[in-house]
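**Q** Mind looking over this structure? Questions follow.
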Amino acid sequence: MNTFAFFLLQVVSLKALSLSLNRTSEQRPNIVMVMSDAFDGRLTFHPGNKVVQLPYINYMRQMGVIFLNSYTNSPICCPSRAAMWSGKFVHLTQAWNNYKCLAPSATTWMDDLQKAGYHTHRMGKLDYTSGGHSVSNRVEAWTREVAFLLRQEGRPVADLVGNGSTVRVMTKDWNTTDSAVQWIRQKATALSQPFALYLGLNLPHPYRTEELGPTAGGSTFRTSPYWLKKVSTEQVSLPNWLPFSQMHRVDYYSTVTKNCSGNFSEQEIRDIRVSYYAMCAETDSMLGEVIAALRDTGLLNSTVVLFTSDHGDLAMEHRQFYKMSMFEGSSHVPLLMMGPGIKSGTEISLPVSLVDLYPSVLDFAGIPIPHGLSGHSLIPLTSQSNKQSTKPHPGWILSEYHGCNANASTYMLRMDKWKYITYSDGLSVPPQLFDLSMDEAELKNVASRYPVVCQHLDKLLRSVVDYPNVTEAVRQYNKQQFLQWKQSLGNNYTQVIANLRWHVDWQKNVQNNEKAIEDWLDRPECKTACGNRSPKPPQYNSPYEIPKPSPWPPGGAIPSNPNDLHAVHVGPPPNSSKRSLTDENSGEQKGSGSLVSFHVHPVSTWVSFRVLWFPPLSTTCQ
């Protein structure tokens, strides 16, 4: 060996030693977060993990910590990610929908890491700043309280492509994963400081249904035979559905606007669910590529790895797909952590949420946690050293939703065995309460059975968020944004609004739909009519009375499917007798007042009316 070669070898060796000492002395781990889109967290632990093979998620569960009750703070893409990146609840950042989220200048946990000396890198789907998503998506959110009911999505379908050797179905995500792996192998190994890598995936979010045009939403569950083999089809259950007449009014609105109110065969439902689980298996394989790259480069033992998702997917539970719901399939997200200092093989049942990731990441890095965050560090729960927290986790989580496919602002508090869901101002729409220890499928609303529990949870919720005022702020925002958009279109408004994603149903009664929007724009909201006072609860002659439409359906029969539904009209009740009715599942408190009557097939009028009857919201004030 010549002198120069020997000298060069010594320099390289000293540099490697220096890098090793630098990392050891600082004792700050690298941080890698992989965030999927629409991954049902229940698949990551028993019994959901029996449905589909997820070897890399299983590896993370064995080597680290899994949170069994982890939730999104808003079950839709952009607001959920805004909460995760900012560490703040949605009502604090006013991330109301997929169009209105964070400003590009908003501080994120990755900004804090960079300021503290971390090398940071973000790849793939970010989707937490304002201005994204389609025009249809934002208009549907703005007009969600307009008195019409229009299908806004394509009918959910399964789509099998390729053959038994087709691995790369979602090529965009695979390309991003390849880039992340290359970055780890080439860039991360050469760094002299700890790094933070974020990888955002689109899977297992359903694909856009291309035949519906460029503005269509994602309603196609696409996979290949290769991934189908990862699903234990005998473990795939067919979900039970409540009849339309027993649905909560907001859930019914979601079912119809998501185009799920038609007939589905058992095979169709099974195919959608199996395809969704197969898409989750493909997602897991991408996570595996990242873990393998960290292992092969010797970085795994010095890296904290996190896997989560922005929300889940109902996959035809509750007669819905997609998210935008507080039901478990939509709101329950995966959260797994492994790395230096983290317990192994540990399951944590305490309810946590995505806002907890901001303080947790900073805590991993030894960076002081700033004031004003909504979340709490999870490190005291995961640390091998039993680290104590000066701000212990409260044991409850808050999720809220203000976007499309739900016709009322929705607030969910999850605590112990209870899930409490309230809407709007807390008075005009009945709440829901589920005992998840007895009713995992969330088919039995027990709010009327446990009023004291509802009162306790509502009081706790109001101590966290003044949700009636938040609801009103969203209403005002929706009207203001819609008016600005309408005015910007000028003479093109009529044509543009008729050709959004709801165009098929819009064309069935153009004049009524246009009038419904004008009536909505002219309708004074409660705060306008009442100043700063709250609305009084509606006054009923009897808590279980409901005016029936005329004519009464033959024999009093309630049809199972409002196939011909295309518009609604808000008006005074018809001249008819009343019928006493108790509906525990929907939680409706029936009484005299305004009603929503549908321009539908006569037989369908009753079921639609029964589910979506609205009392007057702001006729009197306190």
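None of the figures in this text is laboratory data; all of them are computed from the coordinates on show. Since the structure is predicted, the reported quantities are computational estimates derived from the model, not experimental observations. Glycine gets a Cβ as well: all are built from the backbone with ideal geometry, and neighbour counts include every protein chain shown.
**Q** Report ³J(HN,Hα) in whole Hz for each residue of segment 456-463, in order, from the Karplus equation J = 6.51 cos²θ - 1.76 cosθ + 1.60 where θ = phi - 60°; Gly and Pro get x.
**A** Per residue, the Karplus-derived 3J(HN,Hα) values read 5, 5, 5, 5, 5, 4, 5, 6 Hz.
**Q** Separate question: Convex hull volume of the Cα atoms in segment 115-198, per residue, in Å³?
**A** 152 Å³
**Q** Over the Cα atoms of segment 31-401, what is the Rg over Rh ratio if Rh follows Kirkwood?
**A** Using Cα coordinates only, the ratio equals 0.95.
**Q** Now for a separate question. Based on the mean of other beta carbon atoms within 10 Å per residue, what is the order of 321-327, 377-383, most packed first? The partial results should precede the final answer.
**A** Working: 321-327: 27.0, 377-383: 21.7.
Ranked from most to least packed, the peptides come out as 321-327, 377-383.
**Q** Shifting gears a bit: Just name one of 320, 134, 390: the one whose Cα is farthest towards the positive end of the charge dipole of segment 31-401 (beta-carbon charges, Lys/Arg +1, Asp/Glu -1).
**A** Farthest towards the positive end: 390.
**Q** OK, next. Considering only segment 31-401, what is the antiparallel percent among its DSSP beta bridges, to the nearest 5?
**A** Here the antiparallel bridges make up roughly 30 percent for segment 31-401.
**Q** Read phi for every residue in segment 274-289 and hand back ³J(HN,Hα) as whole Hz from Karplus 6.51 cos²θ - 1.76 cosθ + 1.60, θ = phi - 60°, with x for Gly and Pro.
**A** 5, 5, 4, 5, 5, 5, 5, 5, 5, 4, 4, 5, 5, 4, x, 4
**Q** So what are the ³J(HN,Hα) numbers for segment 397-412, from phi and the Karplus equation (6.51, -1.76, 1.60; θ = phi - 60°), rounded to whole Hz, Gly and Pro as x?
**A** Working through the residues one at a time gives 10, 10, 10, 9, 9, 9, x, 6, 6, 9, 8, 7, 4, 10, 10, 10 Hz.
**Q** Pull up all non-local amide H partners of residue 196: gap of 5 or more, or a different chain, and H-to-H distance under 5 Å with H placed in the peptide plane.
**A** Answer set, sorted by chain and number: 31, 119, 120, 121.
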